Structures are given as structure tokens and as C-alpha cells.
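Q: Provided herewith is a single structure, encoded as C-alpha cells, for subsequent inquiry.
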Amino acid sequence: MSIRPWVAPRPLHPGAWWLWALGLATAAGRTTNPLLLLLVVAVAGYVVAARRTAAPWARAYGAFLKLALTVLAIRVVFHVLLGAPTTGTVLVTLPALDLPSWAAGVRLGGPVTAEALAAAAYEGLRLATVLVCIGAANALANPKRLLRCLPAALYEVSVAVVVAMSLAPQLLADVQRVRAARRLRGRPDRGVRGLRGVAMPVLEGALERSLELAAAMDSRGYGRSAQLPRRVRRTTAALTVGGLFGVAAGVYGLLDAGSPPLLGLPLLGGGALLAAAGLALGGRRTVRTRYRPDPWAAPEWLVSASGLLAAATVVLSAALGVGGLDPSTSPLGWPVLPVLPTLGVLTALAPAVLAPRQQPPRPPLAAASRKAEPATVGAGR
Amino acid sequence: MIRFEGVSVRYPDSPAPTLHRVDLHIPEGELCLVVGRTGSGKSTLLRAVNGLVPHFTGGTLTGRVTVAGRDTRDHPPRELADVVGMVGQDPAAGFVTDVVEEELAYGMESLGLAAPVMRRRVEETLDLLGLADLRDRPLATLSAGQRQRVAIGAVLTAHPRTLVLDEPTSALDPPAAEEVLAVLQRLVHDLGVTVLLAEHRLERVVQYADRVVHLPGGGVRLQAGSPAEVMASCPVVPPVVALGRVAGWSPPPLSVRDARRAASGLRAQLARLSPPARAGNGAGRPVTSGPPVATLNGASAAYGDVVALRDVSLRVHQGEVVALMGRNGAGKSTLLGCLAGLVRPVRGDVRVRGQQPHRLRPAQLVRHVGLVPHDPGDLLYADTVAAECAAADRDAGVPAGTCAALLAELLPEVGADVHPRDLSEGQRLALALAVVLAGRPPLVLLDEPTRGLDYGAKARLAATLRQLAADGRAVVLATHDVELVAEVADRTVVMAEGEIVADGPTAEVVVSSPAFAPQVAKVLAPLPWLTVAQVALALEGAG
């Protein structure tokens, strides 16, 4: 990559990447223009390519891209097979299945029109693009650092999630190891019986490892807590429980059409405030501090702003009725790129240049990744 | 600094106390080594220092353990985190985060230190342990030696005054072990940290210790004193001390250097003799006759785009013990995996008795090749030893009782209804070996078999391997243990970066190598003597 960063390499605040990606996703959600959607995918892909790290989660983009293509394919196939009868240019006629009269609205097979195909593809592409945006956020933002941004009162929860996330790959390695060992014993390593034989040792191993980890965490000071006066603890509990009740009632009020609209929003807002106060107060219990918390500085502002700008232009254009966001599929026409939304989406390219490189470039991890693939018994370690 | 006063520990289901009336005082700034057989209570002693025993493990502790004046009775482990740094047997199992730098900071975050203090200490620790280049490496990509150093660094940032380590070098290849020991030396000498460590590989650490504590186990009083004092009477000793006993040196030498200075007379005496063949393994007689049991012909193997084995050709013959050596990640395990049919070679040909192992069905595989993996427990599933043996007979399709008979030879003292998890490391290895041998495979493979074995178990393993070879099996073992190689291997193959860099009779390959020479060879170089037993035999013969 020949682009020179304008600030020293450092990991960006994960929240900034998520805001940027959600902005792009919002933009994608408001249009079915395939050109614009493909532009969003390309923008996200380019930024990921320019700013991702060597970390394992950086491969999330590829995984989400595959997921998106699958979603798109399923959508199109279902539409072709099951879609409502349409008129238009018939591309191919599939053998139709006669359904009983009570299923009159549904058709199986029959003529496939270009118009219907395009409509299904546009819809599918929209969903796929949203998925790709989420994938980009996953690839760029360190999920563990995101969890570290949780309020102190939720620290235990975030640790549990972090530990679970690091145990998952080990579990996978264990499965491979145990399967190899079964083969060495001359037992089937596949099939249902093989699976049962593998599950027990793997679970036992995981349990043992988590005990060992718990001992290590305890020895390193995990779980030290400050003594709070009883009054404060009670207030915390009351605030949190009351707040959660408020939120629940508020959501019910919002969703239930029969209840007075005034019940919903104020309750929701009030509940959220109470719960937040409870969390803040509860956070005083933990004595722990944070090592090098991620700063929120100019690059973070720029990255999140570029994503939000993309969302804003598309949403605004939709509200103003700018043409080209939802190209007509009947009659089928060649979609064109609307000017304002295109410019908006292109601004989301900015992080590829403006965001700091996430890591200083370093030598490839050849010797290292050898450790990461215990396909054999006893490889690794 | 650390004081045990009349400490006894008893776990709920055990018939006898694990520690019995231990009185011990370790003054500040000492490096204290705990030795003893497996099961003698070394780990319990170490974990009692920061209160993991009994706060975490259960059991009852009577007596008093104090560290820096704090009684573990009133202080759970987390309240002692700022005075005791504890590094467990498997450092990776204690990692909480996933990047080196964050792992170093984790303990300090829990203690609630101010951000600038944390930053400064992380930088200092990175320099102290030589980890600066690794600061943002994911922990999963580190080598074993690097991981051990990160684990030490991660507890060191809390500035504990004592450091407790359980077998810090047993999983490491010789160079990585040197790295870790150099770090410990530096902590003791420059920073005055008190270090308490348990280790089976005495040959690596005894020379650095200020004090040795020998735990005999079984309720006998422990023995503590200067290394020379304890080594003079201790039943577990490194080869260099054993050589000193054979040669009648007093005080016993603790390091190769001490021994070399005392050995000039012995060298002169031995120069006139030739080393006897090692007992029963047929060294010296040509074993390369007949068709080979296993061959690799230009075999290459890869994981993804990482090549783990590059164009390796090797023949293993009947009645031969071959040792594979080389640093972690050199391709030893992959080579064994190829021979055991777990890894499919991407190029080249692998044959065991004319068959390609990765093509064989599991039931056929066990009759061609047996592999005891790195963790022998992987092979064991049943609830009791007897059930395990019965299952092994069924798996291999051999008459009932075959495996039990093999086990009785290897491990006479173990009851049939013991759970395999309750066995010691050495016993579990013997059980796994019996299970593997039930199929009567002509080729037996062992991956790092001596991890966690004490000297007694190791001697038994060596005898077993020699017996296997004498019975006409071919044995290939991957190991870092130079002393075991000296004892049993006819041929040593050294690997590096997936290639074979040396292959020849053990005496020729290891004597000249600085990393892989056993202690006796280093003391007696340039004479080609490898083991204490050889020297003892020759001296007896010479009268």
C-alpha cells in the first residue's frame, strides 16, 4: 500500500469503525440501486484492505462476503421458484407445478421474467450489502477492545465474553486433536459415534482449562473489589432494577398500538436514565484501572463522520425524493448513479487515507502461524 | 520472605496428607529449587505460597504460611497478587488477553494502578525480559519459550517480591530453556526477587540455585540446604552429579564447568577405554539390514501455506531407536504425524510396511503404527484402567487380556479400577504405551514423552524403549531431552525448518553439538561417552 498515513500507526477506537460501518449500512438500507450498493461494497472492501491488521478477526470481511453472496443467491433462487406471477420479458420458462386451489397465490416454477429477477436481485443485494458493512466493522475493529469500552459495572460480563472468545479456537483445536487420537486408537473418527467419543474428552479438557485459567486470574488479582457502604449498594440495585422495568414498560408502550403514545417514550427514556445511573454507581465497586484506553481524537471523529455523512446524504436524498435510489424494475431500465448519494458514499472512502494504519507493518508470521494449526496430534506447543 | 510453619495439607479424597509438617524459611533474594518425585507434593507446596492451596483447590491446610508478613489464611490469592507472582505449568493456560502488551498490563489493571505507572512498568518489563519486539504479537503466535517469558513478565509487572514457577523449562527446547533461565538469573541478581521454582530437569537449573529443597513425599521430612549438601544425598540428581558419585568426587559437581575441572583424571583414564555398547539396545551392531519398517521419500507437508516438512527422506529399520531433535516448530511432530497417517504429505511418499499410513482405515492403522501423542491422556477415554485395556483389545482386534498383560509388564503397581486421570504423568504414559502396543505395531512413535517425568519414570521409559527395540520394533521419538536420547537412541536425526540437517549414530551427532550434547558428553568431550551408566560399567570393568 503506497498511501502514507498522516498520523503515526495506532489502533483506532473500535467505536469509530462501528459508527463508520453502521453509517454505510444505513446508506445501503435506504436504496436498491445496484450500482450504488456495489459502490458501498467496494468502498467498504477498499477501506478494509487498506486498514485491516493481521489479527484473526481481520478475516471476518471475507467470511461476511461469502455469507452475503449466499444470502443473495438464496433470495434470487427462491424468487425464481416461488415468486408471484409477473408479466414482462420472459427469460426462461421452468416446468410449473400445479398447486391446489387454496394455494392459488403461490406458484412453483413457471416463467421467469427479467423484471422479477432484477427486483429479487436488487432486494437481495441490499441485504447482502448491509451484511458486508457489518463484516467490514468486524474486520477493522478489535472485538476485545470494543468490550473494554463497556461501563465498569459490566466488567465481569465483558471478561466472561473475552474468555469465551479465546476459548473457542482452542476448543476447535481440541476437537482436531481428539479426533486424531481416536484414529490412532483404531476407532472411527467420523460419524455420529465418532462425534460422541470426541465430545466428552473435549468438554473435560475445556473444563480443566477454565479451572486453570480461573486460578491464574485469581492469582493475578482478578475480583478485587472495594467495600462500598450498604446504602450505596442498595441504591445501585434499586436504580438498576427500576430502570430496567421502565425500559421494558416503555418498549411495550411504544410497540402496543392500543396504549397511549405518551406512555412509551418518556418511560423508555426515564428507564434508560435510571439504568445508566445504576451502572455508573455500580462501577464504583471495581478498583481496576485501564491500561492505555483507546483515545477518541481527530482520526476517530473523521472516520465516524465519513460514515455518518454517507448515511446522511442517502437518507436526505430519499426524503427529498431524489431519483435513482430505487430504480424501476418494471419496466426494466438501466440504473444510473444519483449524484449526491454517490458523492456521500465516496466520502466513506476517506478512512483508507485519513485513518492511521492500525499496526506498524511487521515481518510475516511464518514461524508463528505454524503454531496455530494443530492438525496433528501434538502439533503446536 | 516465605515462611512455612508446621504446614500440612490434605486433600479431601486422599488417604494421606500431601504435605506433612513442613517447616521452611526462604529468605529474601534467594533462588530456591524444589525437587522431588512426581506426586511428592511440589505443586502443592508452590501453590500454598499464594494461597491457591487451599482457597482455590479445596483441602485442609494446617499450620501457617506467610509471605512478606501476610498470612495466606486471611489473604486469598487475589489479595496476594502484589507480593507473589505465580506462573503455572502451562503458561498459555493462564493468559487472559490475546496480545503481549495487554497481557503484561492485565494484572496491574486488576490491582488498580494508575495509568502512567502501568505504562512505565510495561515498557520496563518488555526490556527486562527481551520482549520489546513482540509487544503487539498475538499470544497464540508465540513460541513456547516466548510464551514462558511473557507469562513471567505478566506477573512481574505487579512488582511482586517473590516469583513462584512450576516447571518453567520442562516444555522447552534447550536454547529456549536457557533464555528463560537467563531471565530468572537476572531477576534474582539485579532486582533481588525471591524465586521459588520446581523442576524435574535438574541438569538445567541446579547450578543456578542458592538453596535446594528436596521433598521425599510419603510423609518423610523435607530436606533443605545448599545445592551441594542436598545433592550429595538426594535420590533425584542430574547426570553430572551422578557422574561425580561414580568418580568419587566430593563435593559433587553441580555444573558441567565444575565437573570438567574435576574430570581431567577421569578423562585420562577413559581415553584408554572404549565406550561399551549401551545395555541391550544393540548400539554398535549394524541394524540397517533388511527392508526398512518405514520410509519417507522426499516427503513434504504443509499447513495452509506454511511448509512444515520439506523434502524429507528417512528410513527406519527394525530394532532401531531413532531420536528426532530440533527446536520447537522444526517439524518433528509433523514428521511423526506423517508416519502415523495423521498428516497427508503434499508431495513425496510415506510408507510403513509398504502401506501409505494416511490411506489406511483406523482399524488397519493400529496394526501398522502406534503413536503416543504429546499428551498421552488424549488416547485415554475410559473410566478405569481395566476398561481402557479392554477397549484397546477390542479396537485392535486382539484376544482379551493382551493390553492388560502389556500393562502389567510396564506398570505392575497400578490397580485396575483407578481412573486414568488420577495416574501420574509417568503412569499415564505407560498406560498409553500399552494401549498403543496392543495392536502389535512394528513402528512405535512417541512425541515428547518425557514432559513431566521424574528421573525414575524416565529410567523406566528408557528401559521400555530398549526392550521394544530388542523385540524387533522400530521406535521413533521426538524429544528435547538430550539425556534420554543419550540413554536410548541408536540414531539421532536433527531437524531444522522442516528439513533434516543431521542424521547419524547418536554418539557422533550429539557429542559435537553444543545444544544437544548430554552432560556427560560435555564433561568428557572430546571422548565419545554419553551416559553415566557407560562410564560406571567401563570403570568397573577396568577394576
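The values are calculated or read from the model by the stated rules, or taken from the named source; none is laboratory data. Everything numeric in this text was worked out from a predicted model, so none of it was measured. So basically every Cβ, Gly included, is an ideal-geometry build from the backbone, and we count neighbours across all protein chains shown.
Q: Restricting the search to segment B:450-478, which residues are under 21 Å from B:Val494 (Cα atoms) and out of contact with any strand residue (DSSP E or B) (no Cβ under 6 Å at 6 or more places or on another chain)?
A: Let us first name the residues in segment B:450-478 that are under 21 Å from B:Val494 (Cα atoms), namely B:450-451, B:462, B:465-466, B:469, B:474-478.
B:Thr450, B:Arg451, B:Ala462, B:Arg466 - these are the residues of segment B:450-478 that are under 21 Å from B:Val494 (Cα atoms) and out of contact with any strand residue (DSSP E or B) (no Cβ under 6 Å at 6 or more places or on another chain).
Q: Let me ask something additional. If A:Arg290 meets every condition in (1) more than 14 Å from every other protein chain (Cβ to nearest Cβ); (2) touching a residue at least 12 places away in the same chain (Cβ under 8 Å); (3) surrounded by fewer than 20 Cβ atoms within 10 Å (Cβ to Cβ) apart from one, which number is that one?
A: Among (1) more than 14 Å from every other protein chain (Cβ to nearest Cβ); (2) touching a residue at least 12 places away in the same chain (Cβ under 8 Å); (3) surrounded by fewer than 20 Cβ atoms within 10 Å (Cβ to Cβ), the lone unmet condition for A:Arg290 is (1).
Q: In segment B:195-212, what residues are modelled with pLDDT under 95, β-branched (Val, Ile, Thr) and closer than 20 Å to B:Met86 by Cβ?
A: Of everything in segment B:195-212, just one residue is modelled with pLDDT under 95, β-branched (Val, Ile, Thr) and closer than 20 Å to B:Met86 by Cβ, namely B:Val205.
Q: Which residues, counting only those in segment B:69-95, are of a type in the set (A, V, I, L, M) and within 7 Å of chain A (Cβ to nearest Cβ)? Break it down into steps so the answer makes sense when it comes.
A: The first filter runs over segment B:69-95 and keeps only residues of a type in the set (A, V, I, L, M), leaving B:80-81, B:83-84, B:86-87, B:92-93.
Hits for segment B:69-95 are B:Ala81, B:Met86, B:Ala93.
Q: Right, something else. Any residue that is farther than 21 Å from B:Leu477 by Cα, within 9 Å of another protein chain (Cβ to nearest Cβ) and crowded, with 18+ Cβ neighbours inside 10 Å - is there at least one of those in segment B:333-351?
A: Within segment B:333-351, the subset farther than 21 Å from B:Leu477 by Cα is B:346-348.
Still in the list and also within 9 Å of another protein chain (Cβ to nearest Cβ): none.
The answer is no, given that none of the residues of segment B:333-351 is farther than 21 Å from B:Leu477 by Cα, within 9 Å of another protein chain (Cβ to nearest Cβ) and crowded, with 18+ Cβ neighbours inside 10 Å.
Q: Of all the helices (runs of 4 or more DSSP H) wholly in segment A:205-321, which have at least 1 residues that are aromatic (Phe, Trp, Tyr)? Don't jump to the end; show me each part of the working.
A: On the way: elements: A:230-255, A:261-282, A:298-320.
Ranges flagged: A:230-255, A:298-320.
Q: Name the one entry in A:Ala28, A:Ala21, A:Ala42 that is without any contact (Cβ under 8 Å) to a residue 60 or more places away in the chain and among the hydrophobic types (A, V, I, L, M, F, W, C).
A: Working: A:Ala28 fails: without any contact (Cβ under 8 Å) to a residue 60 or more places away in the chain; A:Ala21 fails: without any contact (Cβ under 8 Å) to a residue 60 or more places away in the chain.
When all the criteria are applied, what remains is A:Ala42.
Q: Would you check if there is a residue in segment A:35-42 being aliphatic (A, V, I, L, M) and at pLDDT below 90? I'd like the intermediate steps shown before the answer.
A: Taking segment A:35-42 as the starting set, the residues that turn out to be aliphatic (A, V, I, L, M) are A:35-42.
Within this subset, residues satisfying the condition of being at pLDDT below 90 are none.
No.
Q: Among the residues that make up segment B:433-442, is at least one of them more than 14 Å from chain A (Cβ to nearest Cβ) and assigned to a loop (DSSP other than H, G, I, E, B)? Spell out the reasoning first.
A: Initial filter on segment B:433-442 (more than 14 Å from chain A (Cβ to nearest Cβ)): B:442.
Filter once more, so that each one left must be assigned to a loop (DSSP other than H, G, I, E, B): B:442.
Yes, segment B:433-442 has at least one match.
Q: When you scan segment B:191-241, how many residues do you find that are of a type in the set (Ser, Thr, Tyr) and buried (at least 16 other Cβ atoms within 10 Å of the Cβ)? I'd like the intermediate steps shown before the answer.
A: From segment B:191-241, those of a type in the set (Ser, Thr, Tyr) are B:194, B:208, B:226, B:233; that's our starting set.
From what's left, buried (at least 16 other Cβ atoms within 10 Å of the Cβ): B:194, B:208.
Residues flagged as of a type in the set (Ser, Thr, Tyr) and buried (at least 16 other Cβ atoms within 10 Å of the Cβ) within segment B:191-241 amount to 2.
Q: Let me spell it out: the conditions are (1) assigned by TED's automatic domain parsing to the domain that holds A:Pro34; (2) within 30 Å of A:Ala280 (Cβ to Cβ), and A:Val157 meets all of them except one. Which number is the exception?
A: Among (1) assigned by TED's automatic domain parsing to the domain that holds A:Pro34; (2) within 30 Å of A:Ala280 (Cβ to Cβ), A:Val157 violates only (1).
Q: What residue, among those in segment A:328-354 that are in a loop (DSSP other than H, G, I, E, B) and modelled with pLDDT under 85, is farthest from the chain's Cα centre (by Cα)? Before you say what the answer is, go through the steps one by one.
A: Our first condition is that a residue be in a loop (DSSP other than H, G, I, E, B); within segment A:328-354, this holds for A:328, A:330-331, A:333-338, A:348-350.
Among the residues that remain, those that are also modelled with pLDDT under 85 are: A:328, A:330-331, A:333-334.
Details: A:Ser328: 31, A:Ser330: 34, A:Pro331: 36, A:Gly333: 34, A:Trp334: 32 Å.
Here the answer is A:Pro331.
Q: Determine the pairs where a residue that is at positive phi, located within segment A:221-249, has a partner that is part of a loop (DSSP other than H, G, I, E, B) with Cβ atoms under 6 Å apart, the partner being 6 or more residues away or on another chain.
A: A:Gly221/B:Ala81
Q: Testing B:Val87 on (1) at pLDDT below 90; (2) under 29 Å from A:Leu167 (Cα atoms), one condition comes back false. Which one is that?
A: The failed condition is (1).
Q: Sticking with this structure for a sec: For the list (1) on the phi < 0 side of the Ramachandran plot; (2) at pLDDT below 85, I need the number of the one condition that A:Met217 fails.
A: A:Met217 satisfies all of (1) on the phi < 0 side of the Ramachandran plot; (2) at pLDDT below 85 except (2).
Q: May I ask you to list the residues in segment B:402-418 that are touching a residue at least 24 places away in the same chain (Cβ under 8 Å), of a type in the set (A, V, I, L, M) and either in contact with a Lys or Arg (Cβ under 6 Å, 6 or more places away or on another chain) or not in a helix (DSSP H, G or I) (or both)?
A: B:Val414, B:Ala416, B:Val418
Q: Take the residues in segment B:22-41 that are modelled with pLDDT under 90 and not polar (S, T, N, Q); name whichever of them is nearest to B:Thr72 (Cα to Cα).
A: So the first thing to find is which residues in segment B:22-41 are modelled with pLDDT under 90, and the list is B:36-41.
Checking which are not polar (S, T, N, Q) leaves us with B:36-37, B:39, B:41.
Details: B:Gly36: 24, B:Arg37: 26, B:Gly39: 23, B:Gly41: 18 Å.
The residue in question is B:Gly41.
Q: Let me ask something else. Here is a list: B:Arg64, B:Arg37, B:Arg47. Which entry is crowded, with 17+ Cβ neighbours inside 10 Å, among the basic types (Lys, Arg) and not in a loop (DSSP other than H, G, I, E, B)? Even if it seems obvious, please write down each step before you answer.
A: Numbers: B:Arg64 fails: crowded, with 17+ Cβ neighbours inside 10 Å; B:Arg37 fails: not in a loop (DSSP other than H, G, I, E, B).
Answer to the selection: B:Arg47.
Q: Related question: Quick one: how many residues across segment B:352-374 are surrounded by fewer than 21 Cβ atoms within 10 Å (Cβ to Cβ) and at the interface with another protein chain (Cβ under 7 Å from one of its Cβ atoms)? Lay out the reasoning, then the answer.
A: Taking segment B:352-374 and keeping what is surrounded by fewer than 21 Cβ atoms within 10 Å (Cβ to Cβ), we get B:353-356, B:358-364, B:367.
Still in the list and also at the interface with another protein chain (Cβ under 7 Å from one of its Cβ atoms): B:362-363.
Summing the residues that are surrounded by fewer than 21 Cβ atoms within 10 Å (Cβ to Cβ) and at the interface with another protein chain (Cβ under 7 Å from one of its Cβ atoms) in segment B:352-374 gives 2.
Q: Sticking with this structure for a sec: Keeping to segment B:302-332, report how many residues are over 19 Å from B:Val488 (Cβ atoms), in contact (Cβ under 8 Å) with a residue 60 or more places away in the chain and within 12 Å of another protein chain (Cβ to nearest Cβ).
A: Within segment B:302-332, residues that are over 19 Å from B:Val488 (Cβ atoms), in contact (Cβ under 8 Å) with a residue 60 or more places away in the chain and within 12 Å of another protein chain (Cβ to nearest Cβ) number 8.
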